[in-house]
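Encoded as structure tokens, the structure appears first; notes follow it.
The values are calculated or read from the model by the stated rules, or taken from the named source; none is laboratory data. Because the structure is a prediction, the values reported are computed rather than measured. Note that each Cβ is placed from the backbone with ideal geometry, even for glycine, and that neighbours are counted across all protein chains shown. Keep in mind that these areas ignore ligands, DNA and RNA; they rest on the heavy atoms of the full protein, side chains included. Shrake-Rupley method; radii C 1.70, N 1.55, O 1.52, S 1.80 Å.
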Amino acid sequence: IYADPAKRLELYFRPKDPYCHPVCANRFPTSTMLLKVKRRTKKKKQLDGEEQIQPEVQFEMEILGTVTTVYKFQGMSDFQYLAMHSGPDGKQTSMYDKVLMLKPEKEEFFNRELPLYIPPPIFSRLDTPVDYFYRPDIQHREGYNNPQVSGENLIGLSRARRPHNAIFVNFDDEEIPTKPLDAAVQTWNKVCTNTVDKKVEEELRKLFEVRPVWSRNAVKANISVHPDKLKLLLPYLAYYMLTGPWRSLWVRFGYDPRKHPEAKIYQVLDFRIRCGMKYGYAPNDMPVKAKRSTYNYSLPITVKKPASHTVSVHDLKQGLGTSGAAGTKKPASSRYKLKESIYIFREGALPPYRQMFYQLCDLNVESLQKIIHRNDGTESECTERDGWCLPKTSDDLRDSMSLMIKQIIRSTRPALFSNTTSSEDGKEQLTYESGEDEDDEEEEEEEFKPSDGSENEMETEILDYV
């Protein structure tokens, strides 16, 4: 606990009881001394007939060192739930010997008739008193709707998602939208108050004229716009595909890629770098490091949370767009731009993350383009799995890309492959390593990561707009 400044110190009143709920202490800096104090008492003998003599007491003190950190228990002990059963006569009976399995038991142990015992599913997240005076309903902004719930008595663990008025389309939907929602138009007009914003809007319009389908990362790499403004601008110019070969992409209003075989090049490829010990290197040996690890997750007992980057409508109106903030190192024209590697795959270069969503036209390798264009001019049907491509095209692309990446890793870290044979260079069935991962150490640090909430890029983007 001491090694992590964000952790709270837990105290269990009944350490051997798995149902014991701990109290937590907060960490505070201090500048105090640790003293060692000895109290010596010297008793004097009492002679007959003499008055009782007080013993002589001496104190010896020694400074052992300084204390820089203390933990103080300032909260309430919260609920303590015991495994007990109340009988008809009101007598409480312990059930620990019946519900705790301390050693391997036979089948009879699990088939015994016991009183119903259900521990609470959740404890209070607060351990300090909070004043609540049953305030009236909060006055929300115009256009706010309460989130839909499936039941009457729900415990909300997080706030409702803020809507950004995006239109979502499934592959099976017959019609596609031709214009944005009125709310999306009003929202963008409300924040588009300066010339910089209008310029960004024109730049994005030109991008959709040149190419009707874009990923959000590709847009970020071509224009410099604040992410919070991009969330409002994209629903103003395009709709979002949820399923099918163009899933997780933004499509220009009025354009239906299912009716145009030339839209094949805009299809998405979910590519994940394959790794495993059978190839001579583990995930931790890869030059592309993991962004998240299960060993670094914090429990709900932490006190410090990362600072939020919320931006109000007022801030957006004041020009928090491509102009940037004062005193920043990057120029305004490129402050929010991402690198091309965030959406373009090139031979000889490693992807910045272990999971990437590439559009087929952004695979800048001649051999990969040959695979994509094998059926040019003979496309007859657009399917949900393969789009306008031949069946198994995505699998062939992943196999070729995986071999390219393996050769890069082999050239940069030959020691990892010292025990492997040349037969591994053939076409192999490799396991996938799912999840989105950290940028390579050699990559320049970026202001905004492609994903900051979910292990799945598509899921994160959907949650931004739902």
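Is it true that some residue in segment 274-296 is at pLDDT 70 or above, open to solvent by less than 40 Å² (accessible area, probe 1.4 Å) and part of a helix (DSSP H, G or I)?
Checking segment 274-296: not a single residue is at pLDDT 70 or above, open to solvent by less than 40 Å² (accessible area, probe 1.4 Å) and part of a helix (DSSP H, G or I).
Of the conditions (1) in contact with a His (Cβ under 6 Å, 6 or more places away or on another chain); (2) in a loop (DSSP other than H, G, I, E, B); (3) free of Cβ contacts under 8 Å to residues at least 60 places away in the same chain, Thr93 fails just one. Which one is it?
Unmet for Thr93, out of (1) in contact with a His (Cβ under 6 Å, 6 or more places away or on another chain); (2) in a loop (DSSP other than H, G, I, E, B); (3) free of Cβ contacts under 8 Å to residues at least 60 places away in the same chain: (2).
Within segment 211-233, how many residues turn out to be part of a helix (DSSP H, G or I) and within 22 Å of the chain's Cα centre (by Cα)?
Residues meeting the conditions: 12.
Among the numbered conditions (1) within 26 Å of Ser411 (Cα to Cα); (2) aliphatic (A, V, I, L, M); (3) touching a residue at least 40 places away in the same chain (Cβ under 8 Å), tell me where Leu368 comes up short.
Of (1) within 26 Å of Ser411 (Cα to Cα); (2) aliphatic (A, V, I, L, M); (3) touching a residue at least 40 places away in the same chain (Cβ under 8 Å), only one is false for Leu368: (3).
Go through Glu60, Glu10, Glu56 for me and flag whichever is closer than 30 Å to Arg125 by Cβ and in contact (Cβ under 8 Å) with a residue 12 or more places away in the chain.
Only one candidate qualifies: Glu10.
Using the structure shown, decide if Val57 is out of contact with any Pro (no Cβ under 7 Å at 6 or more places or on another chain), farther than 30 Å from Thr128 by Cα and among the aliphatic types (A, V, I, L, M).
It is true that Val57 is out of contact with any Pro (no Cβ under 7 Å at 6 or more places or on another chain), farther than 30 Å from Thr128 by Cα and among the aliphatic types (A, V, I, L, M).
Of the conditions (1) of a type in the set (Phe, Trp, Tyr); (2) within 30 Å of Pro115 (Cβ to Cβ); (3) in contact with a strand residue (DSSP E or B) (Cβ under 9 Å, 6 or more places away or on another chain), Phe28 clears all except one; give me its number.
Checking Phe28 against (1) of a type in the set (Phe, Trp, Tyr); (2) within 30 Å of Pro115 (Cβ to Cβ); (3) in contact with a strand residue (DSSP E or B) (Cβ under 9 Å, 6 or more places away or on another chain), the one that fails is (2).
Inside segment 234-246, can you point out the residues that are open to solvent by less than 10 Å² (accessible area, probe 1.4 Å) and either out of contact with any Gly (no Cβ under 8 Å at 6 or more places or on another chain) or part of a helix (DSSP H, G or I) (or both)?
Selection gives Leu234, Pro235, Ala238, Tyr239, Tyr240, Met241.
Going through segment 339-379 one residue at a time, which ones are open to solvent by 30 Å² or more (accessible area, probe 1.4 Å), in contact with a Phe, Trp or Tyr (Cβ under 9 Å, 6 or more places away or on another chain) and within 23 Å of Lys259 (Cα to Cα)?
Passing the criteria: Phe357, Cys361, Glu379.
Answer yes or no: is there a residue in segment 24-47 that is exposed (fewer than 11 other Cβ atoms within 10 Å of the Cβ), without any contact (Cβ under 8 Å) to a residue 12 or more places away in the chain and not polar (S, T, N, Q).
Yes, segment 24-47 contains a residue that is exposed (fewer than 11 other Cβ atoms within 10 Å of the Cβ), without any contact (Cβ under 8 Å) to a residue 12 or more places away in the chain and not polar (S, T, N, Q).
Cβ-Cβ distance below 8 Å, separation of 6 or more or different chains: which pairs start in segment 373-392 with a residue that is part of a loop (DSSP other than H, G, I, E, B) and end on one that is of a type in the set (Asp, Glu)?
Once the first residue is part of a loop (DSSP other than H, G, I, E, B) and sits in segment 373-392, its partners that are of a type in the set (Asp, Glu) give Glu384/Asp172; Trp388/Glu379; Lys392/Asp386.
Cβ-Cβ under 9 Å, sequence separation 6+ or interchain: first residue in segment 189-203 and open to solvent by 90 Å² or more (accessible area, probe 1.4 Å), partner among the aliphatic types (A, V, I, L, M) and assigned to a helix (DSSP H, G or I). Which pairs?
Lys190/Leu232; Lys190/Val313; Lys190/Leu316
Give the residues of segment 247-267 that are over 18 Å from Ile342 (Cα atoms), out of contact with any Ser or Thr (no Cβ under 9 Å at 6 or more places or on another chain), of a type outside the set (A, V, I, L, M) and not in a helix (DSSP H, G or I), sorted by residue number.
Within segment 247-267, Arg252, Tyr255, Asp256, His260 qualify.
Which one is nearest to the chain's Cα centre (by Cα), of the residues in segment 115-141 that are surrounded by 10 or more Cβ atoms within 10 Å (Cβ to Cβ) and more than 30 Å from Gln74 (Cβ to Cβ)?
Result: Tyr117.
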